[in-house]
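The values are calculated or read from the model by the stated rules, or taken from the named source; none is laboratory data. All figures in this text were calculated on a predicted structure; none of them were measured in a lab. We place every Cβ from the backbone using ideal geometry, glycine too, and count neighbours over all the protein chains shown. Protein only, heavy atoms only, side chains kept; ligands, DNA and RNA dropped before computing areas. Shrake-Rupley method; radii C 1.70, N 1.55, O 1.52, S 1.80 Å.
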Amino acid sequence: MRIGIIRQRYTPFGGAEVFLKRFISGLIKKGHTPVVFSSDWPEEKGIEVNRVRASGPCFLKPLFFAINVKKAVDDSDVDVVISLERTFSQDIYRAGDGCHREWLIKRKKIAGPIKRSLISINPLHRVLLYLEKRCLSSQRLKAIAVNSKMVKDEIQRHYGLPDDKFCVIYNGINMDELASLNQKDERQRLRKSLSIPEAAIVLLFIGSGFERKGLMYLIRSLPLIKENNTRLVVIGKGNQKKYISEAKRLGISERVIFLGPVKDAYKYYPAGDIFVLPSIYEPFSNACLEAMASGLPVVTSRANGASEVITEGLNGALVQDPADPAELAAKITLFLAPEKRKNAGLLARDAASKLTMEKNVDEFLRLIEDEKIHKH
């Protein structure tokens, strides 16, 4: 089949792009031809790329992209279209970015009065809410693929769509890719390069968009962890200034290491002991799944769809309120003991091994082959 895939922008550090590159590779292995509609997706062997313009002011680019991609899709000869964007042209909408209306509600809860007002009048949010509503009410839309039950519930709550419109397909990972790392050798090499003692307990944070992923709360939890031999390694794209300032204010700046955005960030998992991502809102974190596959217990929030594959106290722990540093510190403390951490890591790897990229691709192909979608 010629499978159309819509994604407006490409960044080598984005979770959606990491997923999509793996998904495309999986389709090619199955003998299908991915046809990508994007403004800047890189040319790669085995795929066709249709360039779609997204010009105009920043807040209007998603709208102009949706308009332009409709024409590009209509002029193409693809058999089915999967969109990772809110557009007018999809048979299947993969809601990997979650529900924007829900994200705004959660964001306003943690914002001050001035920021709440700015969020309300921001034209970009108005455009995205318009596109979300148009996408979900599109006559062409046959199915919504969500990567967690959490996102399904949110979309249903805000837009009233029936159960049979949804298909829950969890993110998948390439276990071979992670298993290829020599954990012990890489751990020693990485820790040496970061000047981290072998005896230190490393909390690993990987994610771009520090505010949404709760980095400030994690930094504030560090002084509350009685074991002061902990280090925090932060990988991801974002403005570090206020987070560095907060670490200095708390007197823990020597315990926090910022590496910035890193390509192939999964190579840093062997350096860690516990993966922590106290997100305010996260449809389903790829990084959590990769960390579990690498044998790390995961501490995250219930506002992360990946919480659905975490068993409390066994392969990780969940915080009810990510903005509560005391609760976060208590959950991290559960895995400070080496034996507890080791057992949790083994259980985490076992849970992640059931969510492969091959399984993800197979579930999408079954959805595509459904009669109501394939005969559009």
*List every residue whose amide H lies under 5 Å from the amide H of ARG231, counting only residues 5 or more places away in sequence or on a different chain, with H placed 1.01 Å from N in the peptide plane.*
ILE201, VAL202, LEU203
*Relative contact order (percent, whole number), the stretch 143-217, Cα cutoff 8 Å, 6+ residue spacing*: 24 percent
*Taking the Cα centre of the chain as origin and charging only Cβ (+1 Lys, Arg; -1 Asp, Glu), how large is the dipole, in debye to the nearest 20?*
1220 debye
*Which order, highest average first, do 79-85, 342-348 follow once you tally other Cβ atoms within 10 Å for each residue and take the mean per peptide?*
79-85, 342-348
*Once a ≥ b ≥ c are taken as the square roots of the eigenvalues of the Cα gyration tensor of the stretch 72-228, is the result rounded (a/c under 1.5), prolate (a/b larger than b/c) or oblate (a/b not larger than b/c)?*
oblate
*asked:* As a test of the formula, what do you get for the chain when each DSSP H run with n ≥ 4 contributes -39,500 (n - 2.57) and the sum is divided by the residue count, at 222 nm and rounded to the nearest 500 deg cm²/dmol?
replied: -12000 deg cm²/dmol
*asked:* Under 8 Å for C-alpha pairs, at least 6 residues apart: give me the relative contact order for the stretch 189-286, rounded to a whole percent.
replied: 41 percent
*Go from 0 up to the bin containing the longest alpha carbon distance in the stretch 172-326, width 10 Å each, and give me the % of pairs per bin.*
11, 43, 38, 8, 0
*Beyond 20 Å, what percent of the Cα pairs of the stretch 49-149 remain?*
44 percent
*What is the chain's relative contact order, in percent, from Cα pairs under 8 angstrom and six or more apart in sequence?*
16 percent
*Ranked from the most accessible area to the least, with a 1.4 Å probe and all protein chains present, what is the order of MET1, MET150, MET292?*
MET1, MET150, MET292
*What GluC sites (Glu not before Pro) does the stretch 144-218 have in DSSP loop regions with at most 13 other beta carbons within 10 Å?*
GLU198
*In nm, spacing of pseudo-spin labels at ASP324 and LYS29 (7 Å Cα→C-beta vector)*: 4.2 nm
*Write down the accessible area per residue of the chain in Å², having rolled a 1.4 Å probe over the full set of protein chains.*
44 Å²
*In whole Å and largest first, what semi-axes does the C-alpha gyration tensor of the chain yield when each eigenvalue is scaled by 5 and square-rooted?*
35, 24, 19
*Could the peptides 313-320, 142-149, 232-239, 46-53 be put in order, highest first, of the mean number of other beta-carbon atoms found within 10 Å of their residues?*
142-149, 313-320, 232-239, 46-53
*For the stretch 1-101, convex hull of alpha carbons as volume per residue, Å³*: 101 Å³
*Work out the FRET efficiency for LYS45 and LYS354 from their Cβ-Cβ distance, taking R0 = 30 Å, and round it to the nearest 0.05.*
0.50
*Give the percent of DSSP beta bridges with both residues in the chain that are antiparallel, rounded to the nearest 5.*
0 percent
*Round to the nearest 10 and give me the degree value, 0 to 90, for the angle of helix 61-74's Cα axis relative to the longest principal axis of the chain.*
50 degrees
*Going from most exposed to least, what order do ARG220, ARG9 have by accessible area with a 1.4 Å probe?*
ARG9, ARG220
*For the stretch 219-286, what is the Kirkwood hydrodynamic radius in Å, using each pair of distinct C-alpha atoms?*
13.4 Å
_How big is the dipole moment of the stretch 249-376 about its Cα centre under a simple scheme where the beta carbon of each Lys and Arg is +1, that of each Asp and Glu is -1, and everything else is neutral? Debye, nearest 20, please._
320 debye
*Of LYS142/LYS263; LYS61/LYS359; LYS106/LYS226; LYS133/LYS237; LYS115/LYS237; LYS106/LYS331, which ones are farther than 25 Å apart at the Cα?*
LYS142/LYS263; LYS61/LYS359; LYS106/LYS226; LYS133/LYS237
